[in-house]
Amino acid sequence: MIARRLPIAVLLVALVAAAFAVDPRRDDAVRASGAVTAAALSPLATAVGAGSSTWFCAGGSAAVTGPAEHTITLANPPDEAATGTLQLFLEGQDPQSFPVAVPARDQAQVALSTLAQGEWAAALVELDRGGVVVTHEVVGLGGWDSDRCSSQASDRWYLPWGQTAPQEASSLRLALFNPFAVEAVVDMSFDTDDGFRTPEALQGFLVPPRRLVTVDVTNLVPVRQRVSTEITARSGRLVVARLQSLSGVDGTVTLDVTPAAPSAATSWYFADGRVDADTLERISVYNPSDATAQVEVEISRARTTRDLAIEPFELQIAPQSYAEVVLNDEGRVPKPLRHTTVVRSLNDVAVVAERVQLSSTVKAAAATAAAEAAEAAQSSATTAVTTAVTTADGAPADATAGTTTTIDPSQAAAEAAAAGMVPLPPGLSATLGSPLVATRWVLPNAARADVVSAKLVVANVSNDQPADFELHLFRGSEELPVDLPSATTELEPRQQVEIPLSAAAGEAPLLAVVEASGMIVVDGVQTYGPLADVSVHGAVPLPEGVRVPDPLDADIGLGEEPTTTVAAPTGGSGSTSIPGAGTGSTTGPSTTTTAPTTTAPTTTVPTTVTTVPATSTTVAPTTAPPDTTPTVAPVADPATTAPAG
């Protein structure tokens, strides 16, 4: 575990074309009062009965041969079609608007490169129905990734992890997206493994109105193994995403896109987790507050009569500081291991948590770079007088302590296979946890023909309440029959289940909706076929039944009267109940607790899905409502549809 000190350094108004309603999900008065709504913490759909959906997709390129070709997916689980506009923002250019439509219980995909050409591109999606979820994916530089878009703008953004070393094999770029009619002026700071950085060029940095601006951090904060990012707006609001690429020892390039966190929170949940000899996993935690955070990182695994629970890791994180737990380096963590992770603040100081997974040759490259950095640091600290280093018992210290041991790939594959884990290709997957728990989740593109392996991971996060769930799969507006045994859909407290999914060649992608009787979190895990990269990303909750959990509450189940913490949308009915469901200096070493916690088994089951013939839901760059002619020309005056600042 590593900790470093960092010096102290929405009412979202979307004015959509013509008759679109105001998006109510952001409430500045709530932030000012100190309370935090669910929508201020994480991507969240509007209520199904709301009059609009607004999503911001920052980070990507609009060129087939670009560094990160950007494709937007619109998923519409409700029973009514949704129509609206997609505004395309090329870096340095005025936006262009295109009409889009999504059939009921279906998906639509738009590759931004089919609308216009540009090296970097962002999208603002505004629709006339609630309950729509928007995600994006990037492909290029030899890698691929998918994640959620953002559902609100903010004046603060956080990213616990990033990497700029080795410089010739790493790239860290930030996408700063300002869709509003007023400018945003921001300060950017970076805590690194070698101290605090505030590049002069990034202080008072201007993001003009209605513009996308990207920043190459690789050149401004070079050769750093770990870069934590904090962006604070002096004026205005914006949306931030990170594009990260890394190379493996064999030259393989991997790519990752991650939306930044608009707020810190007291709990973060990761439904999926994996650590083995060929897969490195770290939990990165950043404390942006002015108070010390007492944080517990809990790893829940399958429990047998011989296996004790893993003792939680307890971190003391100073104000404006970073800490991480590298699970591969912790002796108490068995390998291989599939697990869920909960990061919670024990003293109500909010933090931001991110899970980073490196696999195969990318992991090997990271281990080599870390060892070289440690050697360089040790060499620079050597004085003219050579002093023997000893351990506490007086024995010579092991010069290799703290480094990662190289494992024979065949041995790693054998160990993973013995544990029922398919070896991963070279890959990078970095994703923020969910600060929300909910009863309903949406996962667009849950399985598709170009993904060689896909699964849905569902975790019951309650400590003492069971939860039943139902899985609904849609393709081409048709719901597919799903046959899951009750042993799979009935989750005991803190139990996790993995559900394999697939889509045959020529079939449209699957849209997954998970509905539960208790509080759950859901992740999607996919291995991309054409470029053999890996993506792990969270599903998006629907507001009916969502909750911001109290980290000190032993029971985060629904209880008798579950209500959402989300403010009532325009045209909605306020809080929603679900009847019958239940409602730069280094800090000291981190400590760990000693009391084991009880976990329930992790179950992996096959899923039997009977597919029905359906046409692909992938759409042309611009679609229109049924029985109309698609229009691809830009709207005459894009500025008239700018969201209010």
Subject >> Every pair of residues 6+ apart whose Cβ atoms lie under 6 Å, when the first sits in the range 149-160 and is open to solvent by 10 Å² or more (accessible area, probe 1.4 Å) while the second is polar (S, T, N, Q) and in a strand (DSSP E or B) >> reply: ARG156/THR232
Original post:
Mind checking which residues of the range 502-533 are touching a Ser or Thr at 6+ places or on another chain (Cβ under 6 Å), open to solvent by 10 Å² or more (accessible area, probe 1.4 Å) and over 16 Å from ALA271 (Cα atoms)?
Top reply: THR527
Subject >> Given (1) surrounded by fewer than 24 Cβ atoms within 10 Å (Cβ to Cβ); (2) under 30 Å from VAL451 (Cβ atoms); (3) of a type outside the set (A, V, I, L, M, F, W, C), index of the condition GLY143 fails >> reply: (1)
**OP:** Quick one: in the range 45-84, of everything that is open to solvent by less than 20 Å² (accessible area, probe 1.4 Å), among the hydrophobic types (A, V, I, L, M, F, W, C) and in contact with a helix residue (DSSP H, G or I) (Cβ under 6 Å, 6 or more places away or on another chain), which residue is nearest to GLU354 (Cα to Cα)?
**Re:** ALA62
Original post:
Does the range 16-40 hold any residues that are buried (at least 24 other Cβ atoms within 10 Å of the Cβ) and at pLDDT 50 or above, and which are they?
Top reply: ALA39, ALA40
Original post:
Can you tell which of VAL356, VAL333, VAL297, VAL326 is more than 22 Å from ALA40 (Cα to Cα) and touching a helix residue (DSSP H, G or I) at 6+ places or on another chain (Cβ under 7 Å)?
Top reply: VAL333
**OP:** Being in contact with a strand residue (DSSP E or B) (Cβ under 6 Å, 6 or more places away or on another chain) and more than 28 Å from PRO209 (Cβ to Cβ) is the filter here, so list the residues in the range 58-100 that pass it.
**Re:** ALA75, ASN76, PRO77
**OP:** Go through the range 309-351 and count every residue that is part of a strand (DSSP E or B), open to solvent by less than 40 Å² (accessible area, probe 1.4 Å) and polar (S, T, N, Q).
**Re:** 4
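Matching residues to (1) modelled with pLDDT under 95; (2) open to solvent by 10 Å² or more (accessible area, probe 1.4 Å); (3) touching a Ser or Thr at 6+ places or on another chain (Cβ under 9 Å):
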site	(1), (2), (3)
ALA438	no, no, yes
ALA446	no, no, no
ASN463	yes, yes, yes
ASP468	no, yes, yes
SER477	yes, yes, yes
**OP:** Identify the residue in the range 249-264 that is open to solvent by less than 10 Å² (accessible area, probe 1.4 Å) and more than 12 Å from LEU159 (Cβ to Cβ) and, among all such residues, is farthest from the chain's Cα centre (by Cα).
**Re:** THR254
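The values are calculated or read from the model by the stated rules, or taken from the named source; none is laboratory data. These numbers come from a predicted model, not from an experiment. Every residue, glycine among them, receives a Cβ derived from its backbone with ideal geometry; neighbour counts consider all protein chains shown. What goes into the accessible areas is simple: the full protein's heavy atoms, side chains included, and nothing from ligands, DNA or RNA. Shrake-Rupley method; radii C 1.70, N 1.55, O 1.52, S 1.80 Å.
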